[in-house]
């Protein structure tokens, strides 16, 4: 929220001062919901993300399991192969 307010303040100030302003809005909320984890990790390496940062992201994505609860009944745990924790 603070990033949005900071952006809005600066954009408003520029417009008030007669400056032109171009804004590109990208909605990436669902961008990683269906990307297989291994493919995402390979892409990160291709873009130069290596070492401890890559290992941290891999630890965050890989080896996660989840289950569903419906009316006090739980499914079996299944490996999560894609998507990111929301």
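What follows draws every value from the coordinates through simple rules; no lab data is involved. Keep in mind it's a predicted model, so treat the numbers as computed, not measured. Don't worry about glycine lacking a Cβ; one is built from the backbone with ideal geometry, like all the others, and counts go over all protein chains shown.
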Exercise for the section: Could you calculate the contour length gain from residue 54 to residue 25, that is, 0.36 nm times the residue separation minus the distance between their Cα atoms, to one decimal place in nm? Expected result: 7.7 nm
Handout entry: Label zone at residue 35, where the point sits 7 Å out along the Cα-to-Cβ direction: the stretch 53-85 residues whose backbone N lies under 13 Å
Key = 57-58, 61, 82-85
Problem - When the chain is reduced to its Cα atoms, the Kirkwood hydrodynamic radius in Å - result: 16.8 Å
